[in-house]
Amino acid sequence: MSTKDDIEAQVRSQRQHLDVLARIQADPLAQPEETEIDRDDPLGTWLSDDVLEQLTIIDCNGDFVGAELLLCVGGPGIRYDSRWGEITGHWGGETATAYVHSDTRDVIDGFLAEIFRMSNYRVASV
């Protein structure tokens, strides 16, 4: 398997994982494929246990716009951008990109926005 094929396979795997997480988050009684995902708080558990870094993006009013999440490093590096629903993997000079379904993006983005809202972040007045 080539490096490009390996990156594409890992990006697809991440997309499938996010689809399952979002389905369970939206409906905890959903029965997707066999999985050991925490059904009580699937995205919260994923964010605290599996996401390596989160960059929250806000506008000039301090409102949540989206987040970039680092999912994997060390070959390939894989990131998820919630603004576009885009998962991108980079390894050497190769790149692969996949897009999550709009329903998945909406569930994840809504969850991240709620986490941001609960943080009580405020932009300082200048």
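Arranged by the count of other C-beta atoms within 10 angstrom, fewest first, what order do CYS72, CYS60 take? All intermediate terms of the calculation are to be shown ahead of the outcome.
Numbers: CYS72 17, CYS60 6.
Exposure proxy ranking, most exposed first: CYS60, CYS72.
The order of GLU94, GLU53, going from fewest to most other C-beta atoms within 10 Å of their C-beta, is GLU53, GLU94.
Exposure proxy check: TYR99, TYR80 ranked by fewest other beta carbons within 10 Å?
Values: TYR99 14, TYR80 24.
Lowest count first: TYR99, TYR80.
Choose one of LEU52, GLY92, VAL65: the residue whose Cα lies farthest towards the positive end of the charge dipole of region 38-102 (beta-carbon charges +1 Lys, Arg; -1 Asp, Glu; about the Cα centre). Checked the options; the winner is GLY92.
Summed over qualifying helices (DSSP H, 4 residues or more, each -39500 (n - 2.57)) and divided by its residue number, the chain shows a 222 nm mean residue ellipticity of -13000 deg cm²/dmol.
Bear in mind these aren't lab numbers, they're just calculated from the coordinates by the rules spelled out. On a predicted model such as this, the values are computed, not experimentally measured, just so you know. Cβ sites come from the backbone with ideal geometry, for glycine too, and all protein chains shown count toward neighbours.
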